[in-house]
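Accompanying notes for the structure given below.
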Amino acid sequence: MILATGNRHKLSEMEELLPTVALRPLPAGFEMPPEDGDSFAANALIKARAARAATGDVVIADDSGIAADDLGGAPGIYSARYAGEGASDEVNLDKLLREVEAADGERRAAYVCAIALIDEAGAEHVFEARCEGRLLAERRGSGGFGYDPAFVPDDTGPDDERTYAELSAAEKNAISHRGRATRMLADHLGLATGGPS
């Protein structure tokens with residue numbers, strides 16, 4: 001199965017979440033098309049369709065990001081390039097935390113993930129999931145990537161102040177947006193996963 005991503009962090013997480021699947025990267029030289037859809041699902045399908053056209057294989061592609069309530073759902077589908085094309089995770093997170101601080105709201109946010117599958121018959125399926133939480137004013141933890149060091153998920157409980165970046169990989173995968181969407185995909189395919197259902 002081809003995983004249509006150039007993000008090594010996503011590849012690593014997906015390999016943990018789908019331990020019974022041999023995930024293959026995109027062919028060398030493959031250029032991802034512009035992600036110009038208006039939703040996570042639309043962007044995941046853009047990537048999946050391009051990978052399918054290039055390989056003819058079963059493909060999965062994900063599009064994910066964070067949506068801050070105080071910013072009307074921003075950065076949303078622009079999460080990977082919130083501070084501009086080529087901006088680092090740290091620079092994107094800096095911008096988000098500045099804007100959330102200026103909004104002076106409740107700091108609520110959700111991670112969202114949509115996984116698109118194009119199966120052997122060419123049928124398209126999308127599995128979408130969320131993880132609700134809140135954004136801290138500071139960063140904590142060395143794990144994860146992207147906005148993880150400032151995101152405290154609700155699912156760990158009201159007394160657990162750890163960020164995504166402070167959770168173990170197994171803890172994060174059990175509750176994360178990508179973990180949930182991947183388990184929906186695995187259920188559809190009748191596959192075992194690397195975490196709880």
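A few remarks follow.
- Any hit, region 3-21, residues being modelled with pLDDT of 90 or more and farther than 20 Å from His177 by Cα: no
- Given (1) more than 30 Å from Ala137 (Cβ to Cβ); (2) surrounded by fewer than 14 Cβ atoms within 10 Å (Cβ to Cβ), number of the condition Gly72 does not satisfy: (1)
- Criterion violated by Ala103 - all others in (1) under 22 Å from Ser142 (Cα atoms); (2) surrounded by fewer than 16 Cβ atoms within 10 Å (Cβ to Cβ) satisfied: (1)
- Screening the candidates Ala129, Ala150, Ala116 for the property of being in contact with a helix residue (DSSP H, G or I) (Cβ under 8 Å, 6 or more places away or on another chain), within 19 Å of Ile77 (Cα to Cα), aliphatic (A, V, I, L, M) and touching a residue at least 60 places away in the same chain (Cβ under 8 Å) yields one hit, Ala116.
- Residues of region 139-160 satisfying the condition of being surrounded by 15 or more Cβ atoms within 10 Å (Cβ to Cβ), under 28 Å from Ala87 (Cα atoms) and not basic (Lys, Arg): Gly141, Gly143, Gly144, Phe145, Gly146, Tyr147, Asp148, Pro149, Ala150, Phe151, Val152, Pro153
- Residue list for region 1-45, filter: of a type in the set (D, E, K, R) and either in contact (Cβ under 8 Å) with a residue 60 or more places away in the chain or outside any loop (DSSP other than H, G, I, E, B) (or both): Arg8, Lys10, Glu13, Glu15, Glu16, Arg24
- Region 84-113 residues that are acidic (Asp, Glu), paired with ones that are exposed (fewer than 13 other Cβ atoms within 10 Å of the Cβ) and in a loop (DSSP other than H, G, I, E, B) (beta carbon under 9 Å, 6 or more apart): Glu101/Ala137
- Test: residue in region 181-189 that is at pLDDT 95 or above, more than 20 Å from Asp70 (Cα to Cα), crowded, with 17+ Cβ neighbours inside 10 Å and touching a His at 6+ places or on another chain (Cβ under 9 Å): yes
- Pick from region 48-64, criterion crowded, with 24+ Cβ neighbours inside 10 Å and in contact with a Phe, Trp or Tyr (Cβ under 7 Å, 6 or more places away or on another chain), ranking: farthest from Gly133 (Cα to Cα): Asp63
- Flag if Ala114 is touching an Asp or Glu at 6+ places or on another chain (Cβ under 7 Å) and either buried (at least 19 other Cβ atoms within 10 Å of the Cβ) or under 25 Å from Asp187 (Cβ atoms) (or both): yes
- Of Leu26, Leu45, all but one fail to be crowded, with 18+ Cβ neighbours inside 10 Å, touching a strand residue (DSSP E or B) at 6+ places or on another chain (Cβ under 9 Å) and farther than 22 Å from Gly179 by Cβ; the exception is Leu26.
- Residues (under 15 Å from the mean Cα position of the chain (by Cα) and among the basic types (Lys, Arg)) located in region 22-77: Lys47
The values are calculated or read from the model by the stated rules, or taken from the named source; none is laboratory data. Predicted model, so just to flag it, every value in this text is computed and none were measured. Counting neighbours? That spans all protein chains shown, and the Cβs are built from the backbone with ideal geometry, glycine included.
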